[in-house]
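In what follows, a structure is listed as structure tokens, so that the remarks can point back to it.
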Amino acid sequence: MFEIKYEIFEDDILEFRTIDLQTFNKEYNQIYGCFTIIVNGFEYLSYPSPEMGLETKRIYSELILTHFDFLIDVYYQLQKNNYVVLKYIENPRTWLEFIKEGNELIVSQLNLEIHEGPLIRTNRKLFINALKEEIINETIHLGDFEKELISKSKELIKTLQELNKNILTANCFTKIRLFAALKR
């Protein structure tokens, strides 16, 4: 099972209803909230319980749009590579590894400190000595990854359209908009 779980912060939702494009670009240019990926019941990033208040949830703040953009990049890399790792943007040592074997993905969370270079890599040799932690060799169907990414991308776009379709014209939404439109 592969699941993407996210929640836009409540006060941002209220702000997005009335914000104009210029202000959105200047003050946000991103969607903030809680975000996690669940692989066979294991969470990749910590996610707050539903009963937590907004101030407590802010501790779990993630760049929702950036996570989607990187997962879309992983999706496209998996079309041409059997090995892709994605770095967690908040620290230099946490990576999510995707190994494609036929119609399956073997997913692991890696711990290897790398300070420079791209956030998405396809060179398996760099990660031979990485420690596997928490998510270790979990197998999912490639189709489940694809369906969930498409579904949640479209869901996010739909939510933002309902809040304020004008902000969707911001450049920061280009990748997710194009991905959602291509995957009908």
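Table for the structure above
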{"read-out": "Those residues of region 147-179 which are within 13 Å of the chain's Cα centre (by Cα) and among the acidic types (Asp, Glu), in sequence order", "value": "GLU148"}
{"read-out": "Test: residue in region 129-149 that is within 22 Å of GLU7 (Cα to Cα), basic (Lys, Arg) and out of contact with any Gly (no Cβ under 6 Å at 6 or more places or on another chain)", "value": "yes"}
{"read-out": "Hits in region 15-66 (condition: basic (Lys, Arg) and either out of contact with any strand residue (DSSP E or B) (no Cβ under 9 Å at 6 or more places or on another chain) or at positive phi (or both))", "value": "ARG17, LYS26"}
{"read-out": "Matching residues, region 97-120, being surrounded by 13 or more Cβ atoms within 10 Å (Cβ to Cβ), touching a helix residue (DSSP H, G or I) at 6+ places or on another chain (Cβ under 8 Å) and not aliphatic (A, V, I, L, M)", "value": "GLU97, PHE98, LYS100, GLU104"}
{"read-out": "Tabulated pairs, region 139-163, first among the basic types (Lys, Arg), second surrounded by 17 or more Cβ atoms within 10 Å (Cβ to Cβ) and assigned to a helix (DSSP H, G or I), C-beta under 7 angstrom, 6+ apart or interchain", "value": "LYS154/ALA180"}
{"read-out": "Pair list, Cβ under 6 Å, 6 or more apart: region 91-114 residue of a type in the set (Gly, Ala, Ser), other residue surrounded by fewer than 19 Cβ atoms within 10 Å (Cβ to Cβ) and part of a strand (DSSP E or B)", "value": "SER108/LYS132"}
{"read-out": "Residue match in region 68-84 (condition: free of Cβ contacts under 8 Å to residues at least 60 places away in the same chain, loosely packed, with under 15 Cβ neighbours inside 10 Å, touching a strand residue (DSSP E or B) at 6+ places or on another chain (Cβ under 8 Å) and within 19 Å of ILE150 (Cβ to Cβ))", "value": "no"}
{"read-out": "Matching residues in region 129-163 - criterion: being farther than 15 Å from LEU96 by Cβ and either in contact with a Lys or Arg (Cβ under 6 Å, 6 or more places away or on another chain) or not in a helix (DSSP H, G or I) (or both)", "value": "ASN129, HIS141, ILE150, LEU163"}
{"read-out": "Residue list for region 126-174, restricted to those being surrounded by fewer than 18 Cβ atoms within 10 Å (Cβ to Cβ), under 16 Å from ASN29 (Cα atoms) and out of contact with any Leu (no Cβ under 7 Å at 6 or more places or on another chain)", "value": "ASN164, LYS165, ASN171, THR174"}
{"read-out": "Any hit, region 60-73, residues being closer than 26 Å to HIS115 by Cβ, assigned to a helix (DSSP H, G or I), more than 13 Å from the chain's Cα centre (by Cα) and not acidic (Asp, Glu)", "value": "yes"}
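Condition check ((1) out of contact with any Cys (no Cβ under 9 Å at 6 or more places or on another chain); (2) part of a strand (DSSP E or B); (3) closer than 18 Å to LYS165 by Cβ) across all residues:
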position: ASP11; (1), (2), (3): yes, no, no
position: ASN29; (1), (2), (3): no, no, yes
position: PHE35; (1), (2), (3): yes, yes, no
position: ILE38; (1), (2), (3): yes, yes, no
position: TYR47; (1), (2), (3): no, no, no
position: GLU51; (1), (2), (3): yes, no, no
position: THR56; (1), (2), (3): yes, no, no
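Yes/no matrix, rows are residues, columns are (1) modelled with pLDDT under 95; (2) in contact with an Asp or Glu (Cβ under 8 Å, 6 or more places away or on another chain); (3) not polar (S, T, N, Q):
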residue	(1), (2), (3)
LEU45	yes, yes, yes
PRO48	yes, no, yes
THR56	yes, no, no
LEU71	no, no, yes
VAL74	no, no, yes
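The values are calculated or read from the model by the stated rules, or taken from the named source; none is laboratory data. In this text the structure is predicted, and so the values were computed from the model without any measurement. Backbone-built Cβ (ideal geometry, glycine too); neighbour counts: all protein chains shown.
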